[in-house]
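A short worksheet on the structure shown next.
The values are calculated or read from the model by the stated rules, or taken from the named source; none is laboratory data. Since the structure is predicted, the reported quantities are computational estimates derived from the model, not experimental observations. Every residue, glycine among them, receives a Cβ derived from its backbone with ideal geometry; neighbour counts consider all protein chains shown. What goes into the accessible areas is simple: the full protein's heavy atoms, side chains included, and nothing from ligands, DNA or RNA. Shrake-Rupley method; radii C 1.70, N 1.55, O 1.52, S 1.80 Å.
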Amino acid sequence: MTRRGDLLPSGSLAVAGGPLGRHVSARAVSWVAAVVPLVVATAATMALSVAERSHCIQKGWVGSDQFWHACFSDLPALYQLGNLDNGLAAYVAGEGVRADHPVLTGAVMAWVGGLVPDGAFLDQTRWYFALWALLGTALAIAVVYLTAASRPLHVTDAAHVAFSPVLLLTAMLSPDLFGVALASAGIWAWSRRRPVAAGVLLGLGVTARTYPLLILLALVVLGLRSGRLRAVRTTLGAAAGAVVVVLLPFLLSNPGAILRSTQVWWDSAAGLGSPWMVPQLLGHPLPTGATTLLAVAGLLVACAVGAVFALSTPRRPSVAEVAFVLVALALLTGKAFPVQASLWLLPLLALCGLRWRDHLLWAGAEALHFVTVWLYVGGLSKPDRGLPPGWYAVFLTLRFAAVGYLVWRVWHTAAAREPLPEDGSDDAPDRHPADLPDDEEPDELAGDFTGAPDRLLVRLA
């Protein structure tokens, strides 16, 4: 199906298996033929992401040179924090490991560090980066596969991940892909009506990267609208159990690791990418306490706006649409919106079925921010070569506008759908989903909400 106004017609995605026809059963289309090209494209994009950092691979991640060449990566920097090469056991025991990440991500980082062979320090950082490149490629492929599997009638929407400039620029910056893969797996499990598996995966995602909490919130508000809170309670219970299982070893041996990332966030000033950094760029920095208060208030506002969106559209929006609005607004009001956090939005964008035009507008703003943030950071040590703070504020604002535009597009698309007939349901059991008319296209992510009542709980004038 070609989306009206899209820059890339459906025929242009033949390389990714081509679109499913209106009257062609998804089972009749070879899954391998549709997904394998996307997997190959993902591997190629990840290879380019590694190649983009070739200067730092050769010279090392030291000094301001890594910023001028835009090859900075948190991964070797994290290895330099010390004792990651002692492995997972040292991390769980708290033996000097200082990874300021949620505990499951920190554990994976320490495990990878334990695989690095002895040698010169530069060689060790190269090994650490190379191992993460392999793991990151596998995780990116998993995200693409899960995105395609979550909406089997729209397999080629996973191309938004596989071909994205955002993936190329940010994938090798940090270990965020690990949490993104778990979140994507949780959404896939929910779409397949596996609430326990969805809860376990999203719970693991929370211990790897906290934003899956907002995906769980999306399930809660959609459960309120559909009257299917029992399935949501099952998912929340499974998520809580997964969190407890992950945290238990740390509770026994290294409880400080559990809240370390939260404590670092609480005590930090406005970070890169945050709107609360703009006053600092203009010469009027906000106190840390005020920034924390604004970030907490922004998160509460994001949750409230996301709930209104979920409960007010004529037809119930999808889990991905509500999660996208929640995550995007939380990032736009947070203490930091680092470059790599854009990865959180990428699979959600694909699952929302946004147009390539919208994607590329956002990706362009992200690319501009990617270049200018390193010029700004490099300029902190060499002002004569760096980007002045005022100009960085301009490009930061462009990025805010691009993310805000995506939020508007998701909201507008969901709000434009007509409500289903009162005797209808999301899956129309007497007809195959591919044979439904456009205005009754099923929500492939509905999971246990499929066929539930669609109650409008909030009316906007």
Nearest 10 degrees, 0 to 90: helix 212-226 Cα axis against the chain principal axis: 20 degrees
Percentage relative contact order, the chain, counting C-alpha pairs under 8 Å, at least six apart: 19 percent
Sulfur and carbon atoms: percent of accessible area, the chain [1.4 Å]: 66 percent
Hz values of 3J(HN,Hα) by residue in region 393-398 - Karplus curve (6.51, -1.76, 1.60), Gly and Pro given as x: 4, 5, 5, 5, 5, 4
Region 313-385-region 245-289 distance, computed between alpha-carbon centres (Å): 20 Å
Packing-based order for 126-137, 382-393, using average beta carbon neighbours within 10 Å, highest first: 126-137, 382-393
Computed [θ] at 222 nm, deg cm²/dmol, the chain (DSSP H ≥ 4; -39,500 (n - 2.57); rounded to nearest 500): -20000 deg cm²/dmol
Shape of region 310-402, Cα gyration tensor, a/c cut at 1.5: prolate
Counted charge near VAL377, where neighbours are those whose Cβ lies closer than 13 Å (Asp, Glu -1; Lys, Arg +1): 0
Rounded tilt (10° steps) of 31-51 against the dominant C-alpha axis of the chain: 20 degrees
Reduced Cα scattering model of region 130-209, Debye log10 I(q)/I(0), q = 0.15, 0.22 Å⁻¹: -0.52, -1.02
Average projection area in nm² (convex hull over Cα atoms of the chain, one quarter of hull surface): 22.1 nm²
Accessible area of the chain divided out per residue, in Å², using a probe of 1.4 angstrom: 42 Å²
Relative packing of peptides 183-192, 162-171, 407-416 - highest average C-beta neighbours within 10 Å first: 183-192, 162-171, 407-416
Acute angle (nearest 10 degrees) that the helix 176-191 long axis makes with the longest principal axis of the chain, alpha-carbon atoms: 20 degrees
Dimensions (Å) - region 150-192, Cα atoms, principal axes, largest first: 32, 20, 7
Paramagnetic label zone (point 7 Å from Cα along Cα-to-C-beta, LEU122; backbone N under 15 Å) in region 48-67: 54-66
Among 277-284, 141-148, the order from most to least packed when residues are scored by Cβ within 10 Å on average: 141-148, 277-284
Rg/Rh for region 272-431, where both radii come from Cα atoms and Rh is the Kirkwood radius: 1.08
